[in-house]
Each structure stands twice: as C-alpha cells, then as structure tokens.
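The values are calculated or read from the model by the stated rules, or taken from the named source; none is laboratory data. Since this is a predicted model, take the numbers as computed values, not measurements. In this analysis, Cβ positions are derived from the backbone assuming ideal geometry, glycine residues included, and neighbour counts consider all displayed protein chains.
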Ligand code: PLP
C-alpha cells in the first residue's frame, strides 16, 4: 500500500497532516460512526407499522393472533420471506424480533440437545470449533467466546471464504462443527458469495457429521445499486448435494422495517426445523403474531419488500456515495488506504497500513469521532495486522457523515505519515 516518498515530500505531508489534525480537534466534533443501525428517516419509512394491524386480529387461516400458539409463525408472513431468504415457506420459521437471538439459541440447543445427524451433544465433546471468515461480524465471534467455541480464522476472498482452506480444515478436524457466513453484502466487507462458493460449501466433505453452516443472510434484500446481486440458495444446494441438514438460514426485518421491532426468521431442512421447534416449545408458547400480522399488512408480498427496500436505498445510497467521494478525494493516490465499494449492506471496510488501525481510531476518538474499535472485525478483537477499520455510514445525517469521513481521512494521513517518518 505504501508509495515511495522523498524525505522532503514526507516531511511536508506530515506537517500538513499535523496541522489538519489540530484544526480538526479544534472543531470540537462529537460524531459517531460505530452504529450499523438504521437512521431515524429509515425507520420513518415503516411508520405505518405503528398503526397496524389497525384493530385486525385474525390471520388468513382465522387464527386469533392475540392468543398463544402458532410456534412456526404466521404462514402468510413466511410466504413473503420464502422468496427473500430462498427457503420454502414450509421450512421457514417466523420468530421473535432478532435473528441474532435465533443464532444464539441454535448454538445453545446444539450444545444441550443432539442435532439431527449427530451422535452426541456438542457440550459432551472435548472441543468445539467454528470457522470464522475474516473480517467478520463481531457478534458472531462474541457468541463463540460466550460458549467456549474455538474460533479458527479463514481469509475472505472476493467470492466468499477461501474455500481451499475451508475444505481442508473441515475434512480433517471433526471438532469443527460450523462456519459463520454472511453470504450477501457481508458485514463488514460487502462480499457476495459466488455460486461456486455456495456449491463447494454445500458439497464439501466434513469430518463432523453434524456440521452446520450458520448462513446469516442479514442483508438479503439490502441493495445499494441498480444491479441487485443474486446469490445461490444454500438450502437447495445442500439438499441437492445430499447434505440436507447442513444449512441453518437466518434473516430478519431489522434493517427492512424496524431494528428493534421487526421479525426474525430461521430456515432449514424439515428435520432441523422440527428440532428447533421442539426446543423452542420449551421456551415459548408462541411468537408475537400481532407483530407478524402487522408486517404482513404492511409489506404485503415479496414485491412489497422490494419496493420498500428501494425506499431504504434512496436514503442509504447517498451516504455510501458520500463516503466513497470523500475517501477518494482525501486518500486516493496517497497509498495510505484502500476501501470497499459495497453494492449493498451496511458497511464500508477501510484498510490502512499495517499497524495503523488502532492509532487511527485513537486519533479519531480524540478529535470527537467515535469509530468501531480496531480489531472488532476479528475473533477476540485481535486483528493481527492492525489494519482493518469498519465504517458504518447509515445512522448519521449526510452533513455529519461528511464531517466524520473528512476527519477520519485526516487521522489516516496523520497515522500513516507518522509511521512512515518513523
Ligand atoms: N447479522 C449480521 C451480519 C448483522 O450485521 C446484524 C446487525 O448488524 C445482525 C445479524 C443482527 O440481526 P438481528 O437484528 O436480526 O438480530
């Protein structure tokens, strides 16, 4: 990433960066780029949810949604999301408001009760490990840490995890029980898995008979361009490859309707769905079907979801364009950084010279710009290269975002040139 600079040129650039940083600190900013959450104007797009279901309380089949029951969730809502999540409605479960909660529960249930195809519970085994493509989502890593699951890092490529590495590891180690995947517009690097990656994941030989792919399709419908990316459906691919129980598909409307009041989904083989329903029946007498009905009335069908996501895009796209424009203007050609241009999702990944990410984040914080901690994109919060910074542009308004990215660019120049100057 570094370019050769003459000592004089470097001194000049460093002086300017120091001056710009002083000016930045002098501005007394208070900005936050940590939150991958929808902005208020995005939530306003779903304001009608607050007045729905408008006195209605019966589902299509006559179920009174106010009452107990219906553990699998409203069929008409599952129909809508079957297409979005590439899971037949009969194999889809509509649950509470958080898919992370479902991932948590699946881990707990797999630890405490035997999975279809397994000989014993995970908790009875000496060691359990998951593959973690990096950079990745910190909350996946936090779940592994929470349950004592070892994390084995796998590098990401432009097509998803490096499948040569994945295939080798899962074939030789029966302790590897799973892999975390965010297959579309991945958090944080925006990568979309290629058809070849999906096919290889579905068909690879695993030493563990109870191996599961935690397919966190959090950004399945979250496009930022006119060319929505299509990814191959993992569940069908697994069934075709003779591994029908391998895929656990997760998704939610957190970043479609309301991040704190949406609906989460789980999709899998009939055996896995029965396994989860059986376990869930012990912890709940049924999900919030009023919220599910509200979502049916608001979104109507898969076309309704698409139309709604176009409105989301109208809010988000200018923010991502702003990030790209400023990074390009301020850091393009410096050799100090590269960044992603995602076609969807919620994040931009900024890579700075090795050894500089923590320093950039520290400098930014001192100037009043809070960034996601460096290292959060890696297991145990430890990025061995100390190079990756996750930018979350969704929440701030455009004017604030501009200030924050301009300030961030100053911090990158300062940390980068200081390192080069030794
Ligand atoms: N999965 C990924 C990859 C995410 O980025 C997020 C939120 O940032 C979530 C899951 C959280 O999903 P939910 O709100 O459904 O719990």
Of residues in the range 322-349 being in a helix (DSSP H, G or I) and surrounded by 15 or more Cβ atoms within 10 Å (Cβ to Cβ), the one nearest to the ligand (Cβ to nearest atom): 323
Under the condition of being farther than 12 Å from residue 258 by Cβ and exposed (fewer than 15 other Cβ atoms within 10 Å of the Cβ), which residue from the range 36-55 is nearest to the ligand (Cβ to nearest atom)? 41
Meets criteria (within 16 Å of the ligand (Cβ to nearest atom) and closer than 27 Å to residue 255 by Cα) for residue 109: no
Give the number of residues within the range 157-185 that are closer than 22 Å to residue 223 by Cβ and surrounded by fewer than 19 Cβ atoms within 10 Å (Cβ to Cβ). 3
The helices (runs of 4 or more DSSP H) lying wholly within the range 1-86 that contain at least 3 residues that are in the same structural domain as residue 400 (by TED's automatic domain parsing) are 7-26
Extreme residue, surrounded by the fewest Cβ atoms within 10 Å (Cβ to Cβ), among residues of the range 116-138 that are more than 16 Å from the ligand (Cβ to nearest atom) and not in a loop (DSSP other than H, G, I, E, B): 124
Subset of the range 139-155 [within 14 Å of the ligand (Cβ to nearest atom) and surrounded by fewer than 19 Cβ atoms within 10 Å (Cβ to Cβ)]: 139, 142
What do you reckon, is residue 58 within 16 Å of the ligand (Cβ to nearest atom) and either farther than 30 Å from residue 310 by Cβ or surrounded by fewer than 19 Cβ atoms within 10 Å (Cβ to Cβ) (or both)? no
In the range 170-187, residues that are assigned to a loop (DSSP other than H, G, I, E, B) and within 13 Å of residue 149 (Cα to Cα) total 1
Take residue 368 and tell me if it is within 16 Å of the ligand (Cβ to nearest atom), out of contact with any helix residue (DSSP H, G or I) (no Cβ under 6 Å at 6 or more places or on another chain) and at pLDDT 95 or above. no
Apart from one, (1) surrounded by 18 or more Cβ atoms within 10 Å (Cβ to Cβ); (2) in a loop (DSSP other than H, G, I, E, B) all hold for residue 110; the odd one out is (2)
Lone unmet requirement of (1) touching a helix residue (DSSP H, G or I) at 6+ places or on another chain (Cβ under 8 Å); (2) away from the ligand (no atom under 16 Å from the Cβ); (3) touching a residue at least 24 places away in the same chain (Cβ under 8 Å) for residue 358: (1)
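Quick grid of which residues meet (1) in contact with a helix residue (DSSP H, G or I) (Cβ under 7 Å, 6 or more places away or on another chain); (2) buried (at least 20 other Cβ atoms within 10 Å of the Cβ); (3) touching a residue at least 24 places away in the same chain (Cβ under 8 Å); (4) farther than 16 Å from residue 118 by Cβ:
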site: 205; (1), (2), (3), (4): yes, no, yes, yes
site: 215; (1), (2), (3), (4): yes, yes, yes, yes
site: 225; (1), (2), (3), (4): no, no, yes, yes
site: 249; (1), (2), (3), (4): yes, yes, yes, yes
site: 253; (1), (2), (3), (4): yes, yes, yes, yes
site: 258; (1), (2), (3), (4): yes, yes, yes, yes
If you take the residues of the range 87-97 that are outside any helix (DSSP H, G or I) and within 21 Å of residue 234 (Cα to Cα), which of them is farthest from the ligand (Cβ to nearest atom)? 88
